Amino acid sequence: MAPRAYWKGSLKLSLVTCPVVLYPASTSVEKTRFHMINKETGNRLKQQMVDAETDDIVEGDQKGRGYELKKGEYVEIEKDELEAVQIESNHTIDIDSFVPRDEIDKRYLNHPYYIAPDGKAGIDAFAVIRDAMKDQDRVALARIVLTNREHIIAIEPLGKGLLGTTLRYPYELRDEEDYFEDIKNPKISKDMIELAAHILDSKAAHFDPSKFKDEYEDALKTLVRRKAAGKPVKVAEPEERPSNVINLMDALQQSLKGGKSTNKTSAKRRTHSPSRRSTHRAAKKAHRSAARHRKAS
């Protein structure tokens, strides 16, 4: 059975138009979810809206929307007033521009969607737009209305179809300076940087999401199976946290000794990295530097 389309409309590039459908590219249905239950009866609980001041249960016809002007003071917005400012969907993805892929800040990426042609009528136009973007290595920026809100969507080729990713607006991002401003710039020796670079090289690999393992999800499923089967569940003892007091140079040297990789990618990277002799020199030099540090302290 074919998946149900999330959105239907047209993809438009100047005078070229083709009917398309959108499907969500991500899903959370496989994640383990829990419901709130009554521990005495085993029945599921339902939530009710309660007045924050009177504790009275509020029925459906009494519920409304309000914007908080200041603490505890709200201005009520009626349903028809809200509908008056909502953007009507014209069911068209109108491409505004094409930008280089590497210019898109990853922080702006939001929700991914698969875009496919809707029927055979516009397959030629769809293929023309898709293949032109492949040749240019650019990403299309367009506007789309989803759930009564306008979104910017970045569109790029993906296999036989297109990948559309909605983008966040600038006001939705926090300023990194608020979090990085107090980070100091300590003086780090060149030896340490070289050792760290060799550790990075030893762990070189290719992006392969098939190797991602959600260990917490697996543990949840095991827990549910054991409980359902009436088997005992052993509660693990919390691990002792290692001391944060370390000698950075010693840690780098120990990491280098135990950080060798045998995968093909690392071997390939090493052909372009410093020779074994230079690596040995860097380690030897770092060892002397560590000795000087210890002697000084």
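The values are calculated or read from the model by the stated rules, or taken from the named source; none is laboratory data. Please read these numbers as outputs of a predicted model, since none were measured by experiment. Cβ atoms come from the backbone with ideal geometry, glycine included; neighbour counts cover every protein chain shown. We work out accessible area using only protein heavy atoms, side chains counted, and drop any ligands, DNA or RNA first. Shrake-Rupley method; radii C 1.70, N 1.55, O 1.52, S 1.80 Å.
For segment 112-208, the helices (runs of 4 or more DSSP H) that sit wholly inside it and include 3 or more residues that are out of contact with any Phe, Trp or Tyr (no Cβ under 7 Å at 6 or more places or on another chain) and within 24 Å of ALA5 (Cβ to Cβ) are 123-136. Scanning segment 233-250 for residues that are open to solvent by 100 Å² or more (accessible area, probe 1.4 Å) and either modelled with pLDDT of 80 or more or in contact with a strand residue (DSSP E or B) (Cβ under 7 Å, 6 or more places away or on another chain) (or both) yields a count of 1.
Residues that are exposed (fewer than 10 other Cβ atoms within 10 Å of the Cβ), within 31 Å of the chain's Cα centre (by Cα) and within 30 Å of THR92 (Cα to Cα) within segment 15-34 comprise SER26, THR27, SER28, VAL29, listed in sequence order. The criterion of being closer than 30 Å to ARG130 by Cβ, part of a strand (DSSP E or B), touching a strand residue (DSSP E or B) at 6+ places or on another chain (Cβ under 7 Å) and open to solvent by 100 Å² or more (accessible area, probe 1.4 Å) does not hold for LYS12.
Test ARG149 against the stated conditions and say whether it is open to solvent by 100 Å² or more (accessible area, probe 1.4 Å), closer than 30 Å to ILE123 by Cα and either within 18 Å of the chain's Cα centre (by Cα) or touching a residue at least 40 places away in the same chain (Cβ under 8 Å) (or both). Against the criterion (open to solvent by 100 Å² or more (accessible area, probe 1.4 Å), closer than 30 Å to ILE123 by Cα and either within 18 Å of the chain's Cα centre (by Cα) or touching a residue at least 40 places away in the same chain (Cβ under 8 Å) (or both)), ARG149 qualifies. Within the option set ASP96, ASP175, being in contact with a strand residue (DSSP E or B) (Cβ under 7 Å, 6 or more places away or on another chain), of a type outside the set (Gly, Ala, Ser) and modelled with pLDDT of 90 or more holds for one residue only, ASP96. Scanning segment 15-54 for residues that are of a type in the set (D, E, K, R) and in a loop (DSSP other than H, G, I, E, B) returns GLU30, LYS31, ARG33, LYS39, GLU40, LYS46, ASP51, GLU53. Is it the case that segment 67-85 has a residue that's within 35 Å of the chain's Cα centre (by Cα), closer than 30 Å to ALA228 by Cα and assigned to a loop (DSSP other than H, G, I, E, B)? No; the residues of segment 67-85 include none that is within 35 Å of the chain's Cα centre (by Cα), closer than 30 Å to ALA228 by Cα and assigned to a loop (DSSP other than H, G, I, E, B).
Let's see how each residue does on (1) free of Cβ contacts under 8 Å to residues at least 60 places away in the same chain; (2) open to solvent by less than 100 Å² (accessible area, probe 1.4 Å); (3) among the basic types (Lys, Arg); (4) under 30 Å from TYR114 (Cα atoms):
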| residue | (1), (2), (3), (4) |
| --- | --- |
| MET36 | yes, no, no, no |
| ARG44 | yes, no, yes, no |
| VAL50 | yes, yes, no, no |
| LYS63 | yes, no, yes, no |
| GLY66 | yes, yes, no, no |
| TYR74 | yes, no, no, no |
| ILE77 | yes, yes, no, no |
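Can you find even one residue in segment 169-178 that is open to solvent by less than 90 Å² (accessible area, probe 1.4 Å) and touching a His at 6+ places or on another chain (Cβ under 6 Å)? Within segment 169-178 (the criterion being open to solvent by less than 90 Å² (accessible area, probe 1.4 Å) and touching a His at 6+ places or on another chain (Cβ under 6 Å)), the answer is no, since none of the residues qualifies.
Within segment 186-223, restricting attention to residues that are without any contact (Cβ under 8 Å) to a residue 12 or more places away in the chain and among the small types (Gly, Ala, Ser), the residue that is most open to solvent (accessible area, probe 1.4 Å) is SER210. Which of the numbered conditions does VAL128 fail, given that it passes all the others? Conditions: (1) at pLDDT 95 or above; (2) within 17 Å of SER10 (Cβ to Cβ); (3) open to solvent by 60 Å² or more (accessible area, probe 1.4 Å). VAL128 satisfies every listed condition except (1). So for segment 87-108 (the condition being within 17 Å of GLU150 (Cα to Cα), open to solvent by less than 60 Å² (accessible area, probe 1.4 Å) and among the aliphatic types (A, V, I, L, M)), does at least one residue qualify? Yes, the conditions are met somewhere in segment 87-108.
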